[in-house]
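Taking it in order: structure first as structure tokens, then the write-up.
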Amino acid sequence: MSRVLLADDSGTMRTIIRRSLEALGVSEIVEASDGNQAVAQFQPGRFDLVLTDWNMPGKTGIEVIRAVRAVDRTTPIVMITTEAEKSRVLEAIQAGVTDYLVKPFTTDKLKEKLDKFLCPA
Amino acid sequence: MPCDLACLSRESPTWAAYLAEVVQSLFATMVGLPVERPPFCRPMPQPLPLAAAVHITGVWNGGVLVRASEGLVRRAASRMLHCPEEEVGLGDLHDTLAEIVNILGGGIKSLVPGPTRLSLPTVLHGRDYDWQIPQAVSLACQLFYCQGRPMTVRLFQALADFPSGLEASPGACLTVLESEKGKNA
């Protein structure tokens, strides 16, 4: 039983990720379509995993990570983004990201990335 | 007659190859369908009523502009959302095209000098527009087909990035026309 906070301004991308999460047996998926919503939804201990895009209206993914890390040091955060440069990955790591997935990705790659952070159903 | 016109051009095979690689990678991984470039020059397909753009700013300034047939975007959305094409709504079309141009922009961003920032995508849907990008030049414009459905992808760069070699006249701009005007003439 896992609970996931999913932040991406693209409804298409949220659907793709949600389908993979459901296939992996995630019981609760809370979606946020911008960074402000993501920060507002997050509470320490409420989620087993946070997934966030980088470029979103309102708070960026980096700002979401910083806001989460300000109150929670342990919940894994995976950034799923088009930002592929090393400098951006380093910036995310410094902000406290746990793992990083660059778009475009295959469904198999996405599931492989998510699976290691999810508890067995 | 509708047309797609680059007023100023710095197009090169290298940029065209980069663009093709990014587009083909996106469609292979996210859409699960191949895209093909026509083996010979052919007239720009019309109409392409869906358009989307992202801008890259920083050390390098420019962006990516995609224009596509509704059929292509509908098929891509259907594949990405795992639903029948007839269930793809207008919002899905716009959102899918926005994500496509966002990923293409990210791919190009990783190839140009940094640091740079990627804008949020914008989408335009219509049959009678002129899209002008002031003070920009075309680096590449590629025509692709996905199962017979057309799409053009253009990479452009700001004139200001070229310290010499291109004279920037006050009215210089990259103009993309998608107009039904004159179609029945």
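No lab work stands behind these numbers, since they all come straight from the coordinates. On a predicted model such as this, the values are computed, not experimentally measured, just so you know. Neighbour counts are summed over all protein chains in view; Cβ atoms, including those assigned to glycine, are modelled from backbone coordinates with ideal geometry.
Which FRET efficiency value, to the nearest 0.05, do you get for B:Arg37 and A:Glu91 by plugging their Cβ-Cβ distance into 1/(1 + (r/R0)^6) with R0 = 25 Å?
Efficiency, rounded to the nearest 0.05: 0.10.
Counting only other residues whose beta carbon sits under 14 Å from that of B:Val101, what net charge do I get with K and R as +1, D and E as -1?
+1
When Lys and Arg each count +1 and Asp and Glu each count -1, what net charge do the other residues less than 11 Å away from A:Val39, Cβ to Cβ, add up to?
Residues close to A:Val39 contribute a combined charge of 0.
Tell me the relative contact order for chain A as a rounded percent, counting alpha carbon contacts under 8 Å between residues six or more apart.
28 percent
Number of Lys pairs in the protein assembly as shown with C-alpha atoms less than 15 angstrom apart, excluding same-chain neighbours closer than eight positions?
5
Please sort through the DSSP H helices of chain A and keep those with an alpha-carbon extent of at least 15 Å along the long axis and a Kyte-Doolittle average not below 0.5.
A:61-71
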